[in-house]
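First the structure, in the form of C-alpha cells, and then the observations on it.
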C-alpha cells in the first residue's frame, strides 16, 4: 500500500440547492477560511450542468489555496448512494434525479487529474456521517458511543463506536438511518423535518412561514408558535429515546438549522428521553463539520488495504513472450488467424471515441471501478468528454433480491443450494432502468453486469473474467454478488455465485454473444486486453475445428500433495500443497486466444454458446450447451486421504439441486507410489444402519471411524482405472496422482467422514452424512466391486508401433475411456464426437488437426472438437507415448435430455 502524505485536502458539502467547498489544513483539523467557496445550483438541471457547477466550485477553492499541495477531494452528499464507488442512487425525490446512476468519482477524478497531488483520491461520504466524522475529528470528541442527528430539511443520522462509523450493527437502525422508520402511521421524516414545521405552523396559525427561523423568531412572544416547538421536541424525543437507549449512547451531537432553536424544544425533548439522555454537544457549523468529515474520510480510506486478490498464484500475463518449448504450460493459448488482440485502455478508448453511447456489460467480479476509471481517463486524454453510469443503481432493493433468491441458497447449508431458474432481468427495477438517460452533450457510457438491459442504442462491450480470478477476489473480500450492497465472506459468496449469479449471467452472456461489438479481458490488475466481437466469434469458430487446451488452474487443499509442485513449472511455491488442477472443468475454465503475444481470456462457455454442435457433434442434441465431460487432477502424493464420500443419484441431483445430469466419476491413476491405494466399495455384508451409526457417532463424539471395517481398499498403480458411478462409497488414498475422468458436475460431493481433520483455515469441513446415506449404493460390496467397479483393459485395435486399449466403464457412465499407445504416430477418427485427451505417459506429442499443429506435454489435457474430424498425434519423445481419450458413448447421443 502506497502511503500518501496529505497535508491539505478539499472538503465539499453538497445540499439540495447549494455546494460549499474549502481547503482543510489536515494537521490542525481546520478549514482555511479564505478558501471557502459557496455556489448555488438547481438540483433539477441536467446532469452535465450540475456536475460542472460542482467542478467549478472545487476548482475555485483550489485556486484560492494559492498553490497548496491538495492531496485529494472528499465530498459529503445526501443519499441514497453507493459511497464507496461514488454512484448516485437518488431517484424520485425531486432533486438530483438526473444524476441517477452516474459515477461521480470517475467524472471528478478525471476532471481534477492535473490539480491533485493524488488524482485517485476522490471519496464520498453520506452527509450525516460526514457531519459526525467531522465534528468528532475537529472537536477531539472521544466518547465510546456517539450518535449524531442533523435537523434541517429532513433528519440525518449517524453512529460511531470507538472512533469508527457504523452502518450495519445490531444496536442501530438499518444503515444507521432514522428518516424512513415508521412513526405515527407515517415515517419519522414526516414529523421531524422543515416541511412538518411549515405545515404545522400554517395549521396552527393560519398562514404560511418562509422557513423555520421565521417561526422560531415568533416563538419568544407567541404561545401558539412555542407549542409547535414543544410538540416537535416531544416527537423527536419519542423517536430518539429507544434508538439512543439501544445503542447505549454516551454523546449526542446535534446539528442543522433547526438545532439552533434547541432552547424552544429542550424541555419536551429531554422529558421524553428521560434517563436515556446522554451528554449533548451542539455543532456550531453543520456545513463546516460536513466539510471536515469529508476530508477525514479521505484519510480513513487511504489507511485501508485494498488488496483485491487473495492468492499466491500468478496472474496470467497480458503480453507473453515466446512460450516455453518443453514441459507443462500453465498458460496455454490459441493463436488466432483472423483479427487482432489489442492491449491497453488507450487503444480501446480510441475505438469507442467515435460513438455517443456505449454499453459495457460483463460478469460478476469485474473491477468496474478500475476498468471504468481507466477507460474514462483514457477518453479524457483524447479530449473526449464522458459521463459514466452504473447499472448497479437500477437493482431492486437488496432485501427484495435476498427474498427472491433465498429459496435457491439452501438456508444454512454451507455448501448446497439449487440452481436459480430466472434471468438477470429479475434483479432489476424497471422504472430505475428507464431512469438511466444518456447525456446528449458528451459520450455516455452505462456499465456493469446487466448494462445492456437499459436498452440504449449503443455499441456493446462485454467484459469477461476467469472464474479462478473471481474467487481470488472474493477471498480478498472485494467481490459483490449480483444486487448485493456489500461483499460477504468467501464460502457463502461462492455458494451464491454458483447457484445464482453464474447461471443467470451465463444465460445473459449467451443472449449477448452475437451482438457483442468488443470484448475485454477483465482479469488484469493494471491493464486490459481486448478485441472486436467479430474477432472473438471468428476465433471461436476456428477453435471449433482444431485441437486446443483450456487454461488450467490450481488449488491447495487439506489433503493435497506435492506431485504437481514437483512436476509442473510456472506455479507459485508459496502454497502448502496442491490438491487440485482444474484441467478441464468447463464451468470454471477459460480459453485464451492470442495474437502476436497479446493474450485475451474468455470463459469456455463462449465456445459452447457460439456453436455447441461444432464442439460436441452427435452429443450436442443430448447435452445442448452443457459440456458433458471433465478432466481434473487430485494430488495426494505425500498428502492425505480424500474424505470418504459419494455422489448423488440422477433423480436426487435433479430434484434437490436442479442439475440435468449427475456426477459419475472415474479415477485414472496417472502416477502412484508403491504404497498407493484407493478406497472403493463396501466389504461383503456391511450393514447400512451400523455404518450410518458409526458415522453419526464419529461426528457427534469426535471419534475416529474404523473405515477399513466397512470399505474395501485396493492397491493403485499407474494406468489403473477405478469406476465410481453415483452412490459409490470411495476416496483416493495417499500417494496418488488421480486424473478424474468424470461427468462435468463437480461440487456435489457428499463427504461422510473426513478423518477427524480441519481445513486449511482450521475449521471443520462440512459433512453430509444424511444426504450420503440417502444416495449410497449398498449393492456395491463384496466381489461385485472387483468385477464391476475396477476397469478391465482390452486391446481393441493395433498396428505397427501402436495399439488402442479400451478401459471398460460402468453401465451408469455415459462416456467411454480409451488409451492410445504408440511409438511414433497414431491416426484417430473423430467419428463426429468431441474427444477429451491427456498425455499420461511420454514427454511430448504433436497433435495435428487440419493445417494446425499443437505440442502437448506430459500431463496436459486437450480437446479435439467434433468439427475437427480426424487427427494425427506424433510422438516427439524418445519413449512410448500414451494418451487417454474420453468421449460420450454413442448410445447416449442424439436424443433430447
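Residue-wise test of (1) assigned to a helix (DSSP H, G or I); (2) in the same structural domain as residue 499 (by TED's automatic domain parsing); (3) over 30 Å from residue 873 (Cα atoms).
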{"site": "531", "(1), (2), (3)": "no, yes, yes"}
{"site": "534", "(1), (2), (3)": "yes, yes, yes"}
{"site": "557", "(1), (2), (3)": "no, no, yes"}
{"site": "564", "(1), (2), (3)": "yes, no, no"}
{"site": "583", "(1), (2), (3)": "no, no, no"}
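Among the residues of region 692-714, just one is surrounded by fewer than 11 Cβ atoms within 10 Å (Cβ to Cβ) and closer than 17 Å to residue 772 by Cα, namely 700.
Please give the strands (runs of 3 or more DSSP E) falling wholly within region 60-158 in which 2 or more residues are farther than 30 Å from residue 196 by Cα.
Qualifying strands (runs of 3 or more DSSP E): 70-77, 122-126.
For region 31-44, the set of residues classified as surrounded by 15 or more Cβ atoms within 10 Å (Cβ to Cβ) and either within 35 Å of the chain's Cα centre (by Cα) or more than 18 Å from residue 78 (Cα to Cα) (or both) consists of 31, 32, 35, 36, 37, 43, listed by residue number.
Among the residues of region 195-211, those that are in contact (Cβ under 8 Å) with a residue 12 or more places away in the chain and either farther than 19 Å from residue 156 by Cα or in contact with a strand residue (DSSP E or B) (Cβ under 9 Å, 6 or more places away or on another chain) (or both) comprise 200, 201, 204, 205, 209.
Residues to consider are 840, 848; find the one that is in contact (Cβ under 8 Å) with a residue 24 or more places away in the chain and either outside any strand (DSSP E or B) or under 19 Å from residue 741 (Cα atoms) (or both). The unique qualifying residue is 840.
Having 1 or more residues that are more than 25 Å from residue 885 (Cα to Cα) and either touching a helix residue (DSSP H, G or I) at 6+ places or on another chain (Cβ under 8 Å) or at pLDDT below 95 (or both) is the bar; report the strands (runs of 3 or more DSSP E) wholly within region 642-694 that clear it.
Those strands (runs of 3 or more DSSP E) span 644-646, 677-682.
The residues listed here are 181, 141; of these, the one that is over 23 Å from residue 68 (Cα atoms), touching a residue at least 24 places away in the same chain (Cβ under 8 Å) and more than 32 Å from the chain's Cα centre (by Cα) is 141. Within region 321-334, the presence of at least one residue that is in contact with a strand residue (DSSP E or B) (Cβ under 7 Å, 6 or more places away or on another chain) and outside any loop (DSSP other than H, G, I, E, B) is confirmed.
Among the residues in region 121-137, are any more than 24 Å from the chain's Cα centre (by Cα), surrounded by fewer than 22 Cβ atoms within 10 Å (Cβ to Cβ) and more than 19 Å from residue 291 (Cα to Cα)? No: region 121-137 contains no residue that is more than 24 Å from the chain's Cα centre (by Cα), surrounded by fewer than 22 Cβ atoms within 10 Å (Cβ to Cβ) and more than 19 Å from residue 291 (Cα to Cα).
With a requirement of 3 or more residues that are under 28 Å from residue 344 (Cβ atoms) and assigned by TED's automatic domain parsing to the domain that holds residue 750, none of the helices (runs of 4 or more DSSP H) lying completely within region 391-503 satisfies it. Considered as a group, the residues in region 239-257 that are in contact with a helix residue (DSSP H, G or I) (Cβ under 7 Å, 6 or more places away or on another chain) and free of Cβ contacts under 8 Å to residues at least 40 places away in the same chain include one that is surrounded by the fewest Cβ atoms within 10 Å (Cβ to Cβ), and that residue is 245.
The residue that is surrounded by the most Cβ atoms within 10 Å (Cβ to Cβ), counting only those in region 301-336 that are free of Cβ contacts under 8 Å to residues at least 24 places away in the same chain and closer than 30 Å to residue 15 by Cα, is 303. Counting only strands (runs of 3 or more DSSP E) that sit completely within region 793-836, those holding 3 or more residues that are crowded, with 20+ Cβ neighbours inside 10 Å, modelled with pLDDT of 95 or more and touching a strand residue (DSSP E or B) at 6+ places or on another chain (Cβ under 6 Å) correspond to 815-822.
Quick one: which of 652, 661, 657 is farther than 27 Å from residue 561 by Cβ and in contact with a strand residue (DSSP E or B) (Cβ under 7 Å, 6 or more places away or on another chain)? First the steps, then the outcome.
Working: 652 fails: in contact with a strand residue (DSSP E or B) (Cβ under 7 Å, 6 or more places away or on another chain); 657 fails: in contact with a strand residue (DSSP E or B) (Cβ under 7 Å, 6 or more places away or on another chain).
Criteria check complete, one pass: 661.
Criterion first (exposed (fewer than 15 other Cβ atoms within 10 Å of the Cβ), in contact with a helix residue (DSSP H, G or I) (Cβ under 7 Å, 6 or more places away or on another chain) and in contact (Cβ under 8 Å) with a residue 12 or more places away in the chain) does residue 778 satisfy it? Judged against the criteria, residue 778 is a match.
The values are calculated or read from the model by the stated rules, or taken from the named source; none is laboratory data. Just so it is clear, the model here is predicted, and its values are computed rather than measured. Positions of Cβ are generated from backbone atoms using ideal geometry, with glycine treated the same way; all protein chains shown enter the neighbour counts.
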